[in-house]
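Here's the structure we're looking at; comments come further down.
The values are calculated or read from the model by the stated rules, or taken from the named source; none is laboratory data. The model shown is predicted, which means the values in this text are computed figures rather than measured ones. Positions of Cβ are generated from backbone atoms using ideal geometry, with glycine treated the same way; all protein chains shown enter the neighbour counts.
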Amino acid sequence: MNQLQMSRAIGVTRSSIANYEASLSSPDTNKLVLLANFLDISVDDILTKDLEAYDNYYNQPSNTPPNSPPNSPPNSEKIESTEINEPKATYKPLTDPKAKIVPVVTDPSGGQLITVIDARAAAGLPTDGDNPQFWKDRQTFSMPFPQFQSGEYVLMQISGDSMQPTIYPGDWVFCRRIHDWKEIRDGYIHVIVTKDGVVAKRVLNRVEKRHALSLQSDNTAYTTYDEPIEGILQIWKVEMKMSATLRNEGADMRKDVDGIKKTVNDMLDRLKDAGL
């Protein structure tokens, strides 16, 4: 089963299923009943059992007879047997480590230079990211830190507000190219280049379980969602940021509170004028 099948079965969006799995939200009672019916288990099992076991059970190959009756959860022995008999999940490698995309450019002293990708250029990564000319046209500069002297590094400008308050629109991030899915560190910020665009998100590696990455925003206005690996073209791990947004958190909070107070007082005045 996958998130799309589950979302259709209980009448929610795929992002809602992702939020349930990440414990960012919980289904209401009606959705719990629908989910239990879909999984053919009890509501009590959903609340108290390890659903990873059911996922392994219901995803066994169709030509393999089930190890237990449909209405009884598989026990640990049967789960272990199912996992042994199931074919190993296969997925495409992220990149060929030998096929470097970012040209290695050095300064006169032999130091490695970092390629600059502003917001406009970053928007072209999905279509031009594999084009050597794209990289030749970019500016480069040096950083006097040893961690930037090996590997593929870029300085990329971020657009959008999904990672506020960690990263603001217009901020720059130093990124290292990731060549292997196993290099992805859960909870860390990565820049993901897909066929549809470029996003900066905190990543949970779910390649082994769901053939996808779970992408989370620091801005709570955005929901968590899964990005299937088939649509991912490049991944860059954010190592450092450079920002011109220097917030005064205390002053900003007081300003926000004052704004809320003013809105509430205006509403009370209108109610008073209306005789309520």
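Overview of results
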quantity: Test: residue 222 is in contact with a Ser or Thr (Cβ under 7 Å, 6 or more places away or on another chain), of a type in the set (Ser, Thr, Tyr) and closer than 19 Å to residue 19 by Cα; calculated: yes
quantity: Qualifying positions in region 176-200 - at pLDDT 95 or above, out of contact with any helix residue (DSSP H, G or I) (no Cβ under 9 Å at 6 or more places or on another chain) and assigned to a strand (DSSP E or B); calculated: 189, 190, 192, 199, 200
quantity: Count of region 125-172 residues which are at pLDDT 90 or above, charged (D, E, K, R) and part of a loop (DSSP other than H, G, I, E, B); calculated: 4
quantity: Of all residues in region 223-246 being of a type in the set (A, V, I, L, M, F, W, C) and modelled with pLDDT of 90 or more, the one that is surrounded by the fewest Cβ atoms within 10 Å (Cβ to Cβ); calculated: 242
quantity: Count of region 213-242 residues which are of a type in the set (Gly, Ala, Ser) and within 30 Å of residue 150 (Cβ to Cβ); calculated: 2
quantity: Selected residue (criterion: nearest to residue 220 (Cα to Cα)) from residues of region 6-55 that are at pLDDT below 70 and assigned to a loop (DSSP other than H, G, I, E, B); calculated: 24
quantity: Inter-residue pairs, beta-carbon under 7 Å, first without any contact (Cβ under 8 Å) to a residue 60 or more places away in the chain and in region 130-152, second of a type in the set (Gly, Ala, Ser), 6+ apart; calculated: 134/124; 138/121; 142/111; 149/111
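Here is a yes/no grid of residues against (1) of a type in the set (A, V, I, L, M, F, W, C); (2) closer than 29 Å to residue 128 by Cα; (3) in contact with a helix residue (DSSP H, G or I) (Cβ under 9 Å, 6 or more places away or on another chain):
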| site | (1), (2), (3) |
| --- | --- |
| 221 | yes, no, no |
| 236 | yes, yes, no |
| 243 | no, yes, no |
| 250 | no, no, no |
